[in-house]
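Report on the structure given below.
Each reported figure results from applying straightforward, stated rules to the coordinates on display, with no laboratory input. Given the structure is predicted, the values throughout are model-derived calculations rather than measurements. Glycine gets a Cβ as well: all are built from the backbone with ideal geometry, and neighbour counts include every protein chain shown.
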Amino acid sequence: MKKLLLPAVTATPDYRPAVTIVEIGDSTAVGEGIEVIELDAVKLQSKPLRARRIVVRIGASVLLFHSTNLPIRTRTTLQSGFMAYVAFGPRAAGTLNGLSIGPDRVLAVGSEIEVEFVVAAGYESVSFLVPPDDILAHLRGRQREGELRLPRGVELLQPDPAAAHALYDWGRHLVNMAARQPQVFDIPQTQTAAQVELLETLLATLGSAANVEFAARDLTRQAHSRVVQIAEDFALAHAAKRLCVTDLCTAAGVSERTLQYAFKELMGITPVAYLTRLRLHRVRQALRAATHGTTTVTAEALRWGFWHLGDFSRAYKECFAELPSDTLRRKPDAASRLGSRDVEV
C-alpha cells in the first residue's frame, strides 16, 4: 500500500482539530456531533453498543470511519455541498434501501438524500465526502468528463474488486494514522498531500466502476425496504396512538404476510418489536435532551404511545441498561458525554 508522506513541521493553530475520535455507547447519541451528515440510529439488539466514529477533515473534504459491534439501523442524510462515496470493510454486510452492500461494492450518493442502512455486527466503512466541484474540476482537467458522472440520487457501484478493496484500505490506513497522530493532520502540508492522494485514489476506483446489475431478489428486497420505511414513518407520525398491525398494513398498502416478511428479512425482528424499539429510542432522546422540570418520564412515555408504565420501564431498562428515571435525572451535557465521548490519543 502506498504510504502517505508526512512533513516534519510545526502545526499551525486551528479552532477546530482536523481529527475527531468518538467512542459511542448509546445508540441515541450516534448522530451527535457530526457537522456534515444527519444520522438517526436504532440498535436492533438489547446488548451494550460499542461503536466508533473517526472524522478526518482534509481541506474541503471529510473522511468518516464508522464501526459497530451490533446490528443497527440508520437513516442518514448528507448535507448540501457534498457528495459521498462509501467503501465497505471486509466483514461489512447489510443492506442499503434493501440492496446488498459488501466489500466489493461502493456506494455513491448525492446531497440531501436520505438513505437507510441496516448493517450486521462487525460492520466497518469509510465514507469519502467530497465537494462535487472538486471532482468536476479534476475530470475537466484530465478530459475525462465523458467517462465519469456524478451520482444522481443513490447508486451502488461495482468497481474492479481490487480497486474497491484498495479504496477502503487507503481510507482505513489514513484513519489509523490520524488516530495515532492526530496533530499531524493540522499541518497544511499534510492536508495538501492527503487531499491529492484522496482524489487520485477515488478517481482510480471510479474509473473501473459500473452500476450494479440487480437480480430479482434484490429488487424484491428493495420493495420490502420501502414497505418498512413507510410503516416506520407512519408509526412516528402517529406516535401517541395505539397502532396495530392492521394500521401498518393499510399505510403501506400490503398484506400482513408481506409486512411481517419485510421486517423479518431486513430488520431481523417483527414489525411490532421493531416499532417498540424505535419508540423506546425516541423516548430516550427526549429524556436525554430534557432540562430540569421540562418533562417527566410519564409524559414522554405517553407521548410515544406507551400506556402501561410498568411494561415500558422494563422494556426501557432491557434496551438501555438503565431506568428511564435515571436517564432523566442526568443533566443533558452529562448524558451526551455518557452516550459518546471523545478519545484522548
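What does the charge count near VAL109 come to, summing +1 for each Lys or Arg and -1 for each Asp or Glu among other residues with Cβ under 11 Å from its Cβ?
So the environment of VAL109 carries a net charge of -2.
Gain in length, ASN69 to ARG91, computed as 0.36 nm per residue apart minus the alpha-carbon separation, to one decimal in nm?
Length gained, ASN69 through ARG91: 6.8 nm.
Give the Cα extents of the stretch 13-124 along the principal axes, in whole Å, largest first.
The principal-axis extents, from largest down, are 42, 29, 24 Å.
Report Rg(Cα)/(2.2 N^0.38 Å) for the chain, keeping two decimals. Walk me through the intermediate numbers first.
Working: Rg = 21.4 Å, N = 345, 2.2 N^0.38 = 20.3 Å.
The reported ratio for this selection is 1.06.
Using +1 at the Cβ of each Lys and Arg and -1 at the Cβ of each Asp and Glu in the chain, identify which of HIS308, ALA41, ALA121 lies farthest towards the dipole's positive end.
Towards the positive end, the residue furthest out is HIS308.
Please work out the Cα center distance from the stretch 103-130 to the stretch 290-323, rounded to the nearest Å.
Answer, in whole Å: 32.
Which one, LEU206, VAL22, TYR85, projects farthest toward the positive side of the charge dipole computed for the stretch 19-211 from Cβ point charges (K/R +1, D/E -1)?
Farthest towards the positive pole: VAL22.
Please identify the DSSP H helices in the chain that span no less than 15 Å along the helix axis (Cα) and have a mean Kyte-Doolittle hydropathy of -0.5 or more.
Long hydrophobic helices here: 161-180, 188-207, 216-237, 271-289, 309-320.
When the dipole is taken about the Cα centre of the stretch 19-211, and only Lys, Arg (+1) and Asp, Glu (-1) are charged at their Cβ, what size is it in debye, to the nearest 20? It would help to have the intermediate numbers written out before the result.
Values: 17 positive and 21 negative charges, 86 e Å.
With only Lys, Arg, Asp and Glu charged at Cβ, the dipole is about 420 debye.
Return one quarter of the surface area of the convex hull spanned by the alpha-carbon atoms of the stretch 19-211, equal to its mean projected area, in nm². Don't skip to the end; give the middle numbers.
Numbers: hull surface 40.1 nm².
Quarter of the Cα hull surface area: 10.0 nm².
Which loop-located chymotrypsin sites (Phe, Trp or Tyr not before Pro) does the stretch 242-308 contain, where loop means any DSSP state but H, G, I, E or B and the Cβ has at most 13 other Cβ atoms within 10 Å?
When the chymotrypsin sites (Phe, Trp or Tyr not before Pro) of the stretch 242-308 are filtered for loop state and at most 13 Cβ neighbours within 10 Å, TRP307 remain.
Given the DSSP H assignment, sum -39500 (n - 2.57) over each helix run of at least 4 residues in the chain and divide by its residue total; what's the result at 222 nm in deg cm²/dmol, nearest 500?
Numbers: 11 runs with 143 residues, N = 345.
One gets -13000 deg cm²/dmol as the mean residue ellipticity at 222 nm.
Given axes a ≥ b ≥ c from the Cα gyration tensor, I'd like to know whether the stretch 216-340 is rounded (a/c under 1.5), prolate (a/b larger than b/c) or oblate.
The shape class here is prolate.
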